[in-house]
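Working notes, structure below.
The values are calculated or read from the model by the stated rules, or taken from the named source; none is laboratory data. What you see is a predicted model; the values in this text were computed from it and never measured. Cβ sites come from the backbone with ideal geometry, for glycine too, and all protein chains shown count toward neighbours.
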Amino acid sequence: MGTRWGTVVVDSLDPNRLARWWAEVLEYKVLRQAAGEVTIGLDEGPRLVFIRVPDAKAEKNRLHLELHPDDQDAEVERLIDMGARRADVGQPQDAGWVVLKAGSDSRQRIATITPAGTRTVAAARDAWRAAQSELETALGADAVHDLHLQVDTALIRLNPLLERQDDGIDD
């Protein structure tokens, strides 16, 4: 039995407003609303629960969401149109990601928007894991482990050749 992520709970002075904003950003729906608590998500998968707390936040957030849109520029523009604003948290000027804060709370970092390439890497990782599972089913875990060792050994032997090729040195 493994562990899966189910919910992130977010403290808020106004859980209704914040939950609805995030529901729009993530294309989630409101799944449950009770006194001082709003749950958003899809029918399946992880959810966000926003709960009312009486005190304002006094320090930096320790958690923010990293979004991986298909089109980074369009998503940043959409979120800014929804009231977010760009934030400088010390990132380099040529950073490939954008940090946004809630418009009314200058201390609250709400999201980091990464380029679409990150999503592609995640999809490739998922495809690799699926292929790995199929190989283990077809060949057995020990055979796949041996195959990985052979590939790793070959890559180690090829690495010096590839580095010389990258340096413009011909053999």
Exercise. If you take the residues of region 33-53 that are touching a residue at least 24 places away in the same chain (Cβ under 8 Å) and not in a strand (DSSP E or B), which of them is nearest to the chain's Cα centre (by Cα)?
Worked result: Pro46
Exercise. Just to be sure, is Gly83 among the small types (Gly, Ala, Ser), modelled with pLDDT of 80 or more and farther than 19 Å from Val25 by Cβ?
Worked result: no
Problem set entry | Where a residue in region 68-86 is touching a residue at least 24 places away in the same chain (Cβ under 8 Å) and its partner, wherever it lies, is crowded, with 19+ Cβ neighbours inside 10 Å and among the hydrophobic types (A, V, I, L, M, F, W, C), with Cβ under 6 Å and at least six apart | Gln72/Ile113; Glu75/Ile113; Val76/Val98; Val76/Ile113; Leu79/Leu100; Ala84/Leu100
Problem set entry | So Val30, is it of a type outside the set (Phe, Trp, Tyr), surrounded by fewer than 18 Cβ atoms within 10 Å (Cβ to Cβ) and in contact (Cβ under 8 Å) with a residue 24 or more places away in the chain | no
